[in-house]
Amino acid sequence: MIDTNSAVHEQVAIAGNSPIAELLRIDGLTLRRGKASVLDEVSLTLAEGRTLGLVGESGAGKSTLAMALIGLLMAPEVELSGSMLYQGLELVGLSDKRFAQLRGKKIGLIFQDATTSLDPCFTIGQQITEPLRRHLGLSRAEALERAVELLDSVGIPDARARLSAYPHQLSGGMQQRVMISIALACDPELLIADEPTSALDVTVQAQIMDLILRRVRATGASAVIVLHDLALTAQVCDDVAVMYAGQIVETGPAHLVLEQALHPYTIGLRSCVVEFDSAELVPLPGTVPSLSEMPTGCRFFSRCSYALPKCQEQRPKLEWREGRRVACWQLDVIHPKDASR
Ligand SMILES: Nc1ncnc2c1ncn2[C@@H]1O[C@H](COP(=O)(O)OP(=O)(O)O)[C@@H](O)[C@H]1O
Ligand SMILES: [Mg+2]
């Protein structure tokens, strides 16, 4: 039985003897909607103070994983099995009430589109002060002062005057800044951001991403950021997890995984990006099969030029290889020189 009450801070030894405080450990997480497993045996770890990028084509399950992590996808809508340990607290099976205590306090959220996350009926001031009063117990006056500081820290000019504005009175970029200030209001230990800049004009995307990362680093928080831009992920994230059709195919330090990819899917994704392989831009052949047609083994099977019958039937496990974990039966064939190391 899952113990949902233990909130143990553990020092876990990862990679040799150096102790790294582990914030999040996801193990064998499977999420079903009806018969389809939208997440299939997902395993990931996130250490304190690190930023993990989730990448993969549309429909890979990135948003689903982000939503499950913050308790926004629960039974009876979906069936969850496996484990998500957050500082020793099991999140799979955690009650809605307990999740509500974590959200906005220990775990901050930034969604793709501020217009759907900010409430049009409440002023910016009301929306920022609400978590400060609820989670931190600040008085109204204290919360308002803190709100001005927060808006100021995310670069909103004339912050005090903005408190009485409604969301529609601000530009998309300013609304996204407000959402960031709300997400970071209670100094969360973990920030979850789902494509936080993709609804914005290209000119403000870099500013907002830079702002998020600077705020995360300044507070020492960890972050899980869903990104569709591989080159940006390599630049801004410490670690990366590459997802394909609900499975993690490769995960580890971002520069290793994205610059010296081992999994044929990661290699294929890279070759679609101008910044990485400008000489040879090759689209990935084929499309992701529908969830009802997934093989029991590796889900990349139908698009993989190295696939064997075994790949279709047996799911490869994530194994350590050259500083990252990768799930592929054919690594010794794809990277023959590496096999002897
Ligand atoms: N509300 C929903 N109902 C049914 N299926 C959904 C729903 N949301 C997402 N899915 C399915 O789950 C899979 C993963 O989607 P999603 O997590 O949004 O992927 P990503 O964020 O990587 O683009 C897709 O096959 C998608 O069609
Ligand atoms: Mg998504």
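For the reader, a short list of remarks on this structure follows.
- Taking the stretch 34-49 as the range and being within 13 Å of ligand 1 (Cβ to nearest atom) and either within 11 Å of the chain's Cα centre (by Cα) or assigned to a strand (DSSP E or B) (or both) as the test, the residues that pass are Ala36, Ser37, Val38, Leu39, Asp40, Val42.
- Among the residues making up the stretch 200-237, those that are of a type in the set (Gly, Ala, Ser), out of contact with any Phe, Trp or Tyr (no Cβ under 9 Å at 6 or more places or on another chain) and surrounded by 15 or more Cβ atoms within 10 Å (Cβ to Cβ) are Ala221, Ser222, Ala223.
- Any hit, the stretch 105-114, residues being farther than 30 Å from Ala143 by Cβ, within 16 Å of ligand 1 (Cβ to nearest atom) and not acidic (Asp, Glu): no
- Only one of the numbered conditions (1) aromatic (Phe, Trp, Tyr); (2) in a loop (DSSP other than H, G, I, E, B); (3) under 19 Å from Val55 (Cβ atoms) is not met by Tyr306, and that is (3).
- In summary, Ala15 fulfils each of the numbered conditions (1) under 18 Å from Ile225 (Cα atoms); (2) modelled with pLDDT under 95; (3) of a type outside the set (Val, Ile, Thr) with the single exception of condition (1).
- Being among the hydrophobic types (A, V, I, L, M, F, W, C) and modelled with pLDDT of 90 or more holds for only one residue in Ala261, Ala231, and it is Ala261.
- Residue among Met179, Met209 that alone is within 20 Å of the chain's Cα centre (by Cα) and modelled with pLDDT under 90: Met209
- A single member of Leu72, Leu54, Leu102, Leu109 is within 16 Å of ligand 2 (Cβ to nearest atom), at pLDDT below 95 and in contact with a strand residue (DSSP E or B) (Cβ under 8 Å, 6 or more places away or on another chain), and it is Leu109.
- Of all residues making up the stretch 206-244, the number that are more than 22 Å from Met67 (Cβ to Cβ) and hydroxyl-bearing (Ser, Thr, Tyr): 1
- In the set Leu85, Leu69, Leu52, Leu102, only one residue is closer than 30 Å to His255 by Cα, away from ligand 1 (no atom under 16 Å from the Cβ) and not charged (D, E, K, R); that residue is Leu85.
- Annotation note: Cβ proximity below 8 Å between a residue of the stretch 30-44 that is modelled with pLDDT of 95 or more and a residue that is within 11 Å of ligand 1 (Cβ to nearest atom) and among the basic types (Lys, Arg) (sequence gap 6+ or interchain) occurs for Val38/Arg32.
- Answer from Asp113, Asp96 - the residue that is closer than 25 Å to Leu291 by Cβ and surrounded by fewer than 20 Cβ atoms within 10 Å (Cβ to Cβ): Asp113
- The listed residues are Pro289, Pro285, Pro253, and the only one of them that is under 15 Å from the mean Cα position of the chain (by Cα), surrounded by fewer than 23 Cβ atoms within 10 Å (Cβ to Cβ) and not hydrophobic (A, V, I, L, M, F, W, C) turns out to be Pro253.
- Note on the stretch 68-125: residues that are without any contact (Cβ under 8 Å) to a residue 60 or more places away in the chain, assigned to a loop (DSSP other than H, G, I, E, B) and within 19 Å of Arg32 (Cα to Cα) amount to 9.
- Which numbered condition Val288 fails, given (1) under 19 Å from Ile334 (Cα atoms); (2) hydrophobic (A, V, I, L, M, F, W, C); (3) touching a residue at least 40 places away in the same chain (Cβ under 8 Å): (1)
- The criterion of at least 3 residues that are under 22 Å from Thr51 (Cβ atoms), of a type outside the set (Gly, Ala, Ser) and within 16 Å of ligand 2 (Cβ to nearest atom) is met, among strands (runs of 3 or more DSSP E) falling completely within the stretch 196-302, by 222-226, 239-244.
The values are calculated or read from the model by the stated rules, or taken from the named source; none is laboratory data. Owing to the predicted nature of the structure, the values given are computational and were not obtained by experimental measurement. Cβ: placed from backbone, ideal geometry, glycine included. Neighbour counts: every protein chain shown.
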